1. Using only Cα atoms, locate the centre of region 150-176 and the centre of region 27-104, then give the distance between them in Å, rounded to an integer.
2. Let's test the formula: R0 of 22 Å, r as the Cβ-Cβ distance of D166 and Q30. What FRET efficiency results, to the nearest 0.05?
3. Over 31 Å between C-alpha atoms is what I'm after, so list which of K151/K339; K109/K275; K16/K367; K145/K216 land there.
4. Taking 7 Å along the Cα-to-C-beta vector as the label spot, tell me the R343-T258 distance in nanometres, rounded to one decimal.
5. Can you tell me the length gained on complete extension of the stretch T224 to L352, counting 0.36 nm per residue apart and subtracting the Cα distance?
6. What is the set of long-range amide H partners of V161 at a cut-off below 5 Å, with H atoms built 1.01 Å from backbone N?
7. Order by neighbour count: T242, T17, T320, fewest other Cβ atoms within 10 Å first, most last.
8. Mind jotting down the three principal axis lengths of region 80-182 based on Cα atoms? Whole angstrom, largest first.
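Any read-out appearing in this document is the output of simple, stated calculations on the displayed coordinates, not a laboratory observation. Owing to the predicted nature of the structure, the values given are computational and were not obtained by experimental measurement. Please note: Cβ atoms are built from the backbone with ideal geometry, for glycine as well, and neighbour counts cover all protein chains shown.
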Amino acid sequence: MSVRFVMIGGFLGAGKTTTVSRLARHYQAQGKRVGIVTNDQAHDLVDTNSLRSQGLTVEEVPGACFCCRFDDLVGRVGSLEAGARPDVILAEPVGSCTDLVATVIQPLKDLYAGRFEVAPYAVLFKPTHGLRILRNQTAGGFSPKAAYIFKKQLEEADAIVINRIDELDPPQIEELSRLVGEQFPGTPVLRASAASGAGFDALTELLDQTGGFGRKILDIDYDTYAEGEAELGWLNATARITSAAPFDLDALLTAILTDLAQSCRTLDGEVAHLKLIGMDDASAFAVGNLVSSDTAPQLSLPSGLKPREADLIVNARVATAPAALEAEVKRVVAAQAAKVGARAEFRTSQSLRPGRPVPTHRYAEAKK
């Protein structure tokens, strides 16, 4: 019996991990076994730790996007099949990647037709940057090359999901729906909130459909794509926070995010996504997010914890130099920890600019 493969795309900070988490609970409520594969340009991914902390079975493909690590993707799915034996695989690609129909969906459908049943490809629309990009307002804080990636992600979607509608007022939702409909005619447009569950029934109904999906092969300029990705500074870091007295973990994460937001403005670097997870030794955890330079930090999963020791993972994707981003993250974490009487010891830190995408497979036309 084939495994249902559901990949959820979208730009950095669009809400993919929250969507995957909610979808996992939806399928589990139907009595189905679920496996998840996350993806990143580097190791120590907040999303993987967050999903595992929710009791979900997760494998990770680090080092590049699914398209460039296609064999690793299939291998991680194989590990899930050998262990959890899932009925449904939920896959979350890197948020700066596109051309996934030609490099992931079509190869899966063609090379593994009897093994995987591939669901329609839904792409989440990120309102904070998307509204400015579709209005052609200085590329939404990014360069035109990074905005090019954003638009290409939407162009190959079987359905575009305007996410985070709980954060928007009705006129904004209507304007977004109109702009998406005008610029991507013929593509179904859904409205949803992964956080609240609003509109989620329409998404799950879409993902259950079968037919001629995953066939939109992009006309894409890989030079522009590569240059757009390379403009993003990428940082994954881990630190151990220790204190003689209990400290408020939720307040610390919020303070770090707030300070980092100001640092990025000082660096003149547009935030694509900042994500933190703090975990105590019992694996209870808190998650905080910042999804653009002009929005407020959010504690998406508060913990209520007051530990003396905690592990911190920082994932930062900002349009600035990676070395400068790394220095600011280390400075801010140390300074905010000191304010609560704690000490931050960094265990790992990896900063980079994404390299040029070199897909394992790329189909010039849809075969399946």
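1. 24
2. Numbers: r = 25 Å, r/R0 = 1.12.
It comes out at approximately 0.35.
3. From K151/K339; K109/K275; K16/K367; K145/K216, over 31 Å: K151/K339; K109/K275.
4. Calculated label separation equals 2.7 nm.
5. Working: separation 128, 0.36 × 128 = 46.08 nm, distance 1.85 nm.
Difference between extended and current length: 44.2 nm.
6. Under 5 Å from the amide H of V161 lie the amide H atoms of V123, L124, F125, L190, each far enough along the sequence or on another chain.
7. Ordered from fewest to most neighbouring Cβ atoms within 10 Å, T242, T17, T320 come out as T242, T320, T17.
8. 47, 29, 23
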